[in-house]
């Protein structure tokens, strides 16, 4: 890891602000889930509400177009300011006794819509803050920080819910957005994009340009399906983890909480050091190693379902998944022309948004006839097999540049 990265004060400011914001995101999601379940007393209503809210992620396809059109830093600052106002609106409604399920679900849907724009703009802005040489390490640290923030949010969430209920969590989420917006306003790109002087093309043309990049790139055509399938087949860990703890291990809530901690700690480590591993052994080998470790870890849980052993397996799964996510996202952004990074990030986010709920539906159906043991064994085997889909993929992909037909002239002065 390059020491110069930690001397970049703009990266340090961005990282600290985003850590606070991601803790707030975790608290906000816990608040929504708690409030909806408390208000409706129905797990089905909670599932329906969260499913509809999750559909906001599909907007990433279009959000990436606007992220590429607008100034990245201003987009991030404005988006977080709007999310702050929405969060405070929920708090005001609660204090006025006007809070209801529809308002809470609608606010979270709007927050997620703004979040898709934020994520696409952040993916494009981070290389500008760090420069291309240090982006790999910065991206890994950023993803590792996100997992740490989730871990911190989950650890604080239960205590804060007991202290002040979901309204306190909504308030803290709004404050976290204010911190993030303010910190982003203090950053500056050290490798800014040249100013665009030509009139933008239509949204449809910009979107088609991003899709054409994926179509024309052998690298992306091989890699994106692997990333989608990984999210699809790894769903049992997210959907059936509580069933595993209660019905296979015959343990309670404390064990369930520790399970989440084990995989998040692994993701922290894998994200932080994934790109270093890629420098040592190459991109393809590092991703194949991560998939192999993650698949073997899930399958091993079903071979020997013992709490301590399963904790070690979950840590290994987290390391594998964290490393794969960090290495793959870094390689895609580095290879992508700067004016297309928002679109690529938005497109990937939308595809992964579809993969997770679809995987959850399949897992819910398959858990009956297969049983949990065979479900986990099969999931691990499929992830292991995904590694073979990367055989023959070059370590240095072709540059993912924009089409000359639609490339906008740039002012290089």
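The values are calculated or read from the model by the stated rules, or taken from the named source; none is laboratory data. Remember, predicted model here, so these are calculated numbers, not experimental data. Reconstructed Cβ throughout: ideal geometry from the backbone, glycine too, with neighbour counts over all protein chains shown.
Per-structure values
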{"read-out": "Residue check, residue 300 touching a residue at least 40 places away in the same chain (Cβ under 8 Å), assigned to a helix (DSSP H, G or I), within 30 Å of residue 254 (Cβ to Cβ) and not assigned by TED's automatic domain parsing to the domain that holds residue 56", "value": "yes"}
{"read-out": "Filter result for the condition that a residue is closer than 23 Å to residue 58 by Cα and crowded, with 24+ Cβ neighbours inside 10 Å, over 116, 130, 78", "value": "116"}
{"read-out": "Residue that is surrounded by 22 or more Cβ atoms within 10 Å (Cβ to Cβ) and in contact with a helix residue (DSSP H, G or I) (Cβ under 9 Å, 6 or more places away or on another chain), where the choices are 348, 249", "value": "348"}
{"read-out": "Pairs, first on the phi > 0 side of the Ramachandran plot in region 257-286, second buried (at least 19 other Cβ atoms within 10 Å of the Cβ) and in a helix (DSSP H, G or I), C-beta under 6 Å, six or more apart", "value": "none"}
{"read-out": "Top-ranked residue of region 358-391 - restricted to ones that are surrounded by fewer than 16 Cβ atoms within 10 Å (Cβ to Cβ) and modelled with pLDDT under 75, ranked as nearest to the chain's Cα centre (by Cα)", "value": "358"}
{"read-out": "Conditions (1) over 30 Å from residue 90 (Cα atoms); (2) at pLDDT 85 or above; (3) part of a helix (DSSP H, G or I): number failed by residue 206", "value": "(2)"}
{"read-out": "Residue within region 336-344 that is in a helix (DSSP H, G or I) and within 14 Å of residue 143 (Cβ to Cβ) present", "value": "no"}
{"read-out": "Of the criteria (1) outside any helix (DSSP H, G or I); (2) on the phi < 0 side of the Ramachandran plot; (3) modelled with pLDDT under 85, which one residue 97 fails", "value": "(2)"}
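A quick yes/no check of all residues on (1) surrounded by fewer than 16 Cβ atoms within 10 Å (Cβ to Cβ); (2) in the same structural domain as residue 131 (by TED's automatic domain parsing); (3) outside any helix (DSSP H, G or I); (4) at pLDDT below 90:
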{"residue": "245", "(1), (2), (3), (4)": "no, no, no, yes"}
{"residue": "261", "(1), (2), (3), (4)": "no, no, no, yes"}
{"residue": "269", "(1), (2), (3), (4)": "no, no, no, no"}
{"residue": "287", "(1), (2), (3), (4)": "no, no, no, no"}
{"residue": "290", "(1), (2), (3), (4)": "no, no, no, no"}
{"residue": "305", "(1), (2), (3), (4)": "no, no, yes, no"}
{"residue": "318", "(1), (2), (3), (4)": "no, no, no, no"}
{"residue": "324", "(1), (2), (3), (4)": "no, no, no, no"}
{"residue": "331", "(1), (2), (3), (4)": "no, no, no, yes"}
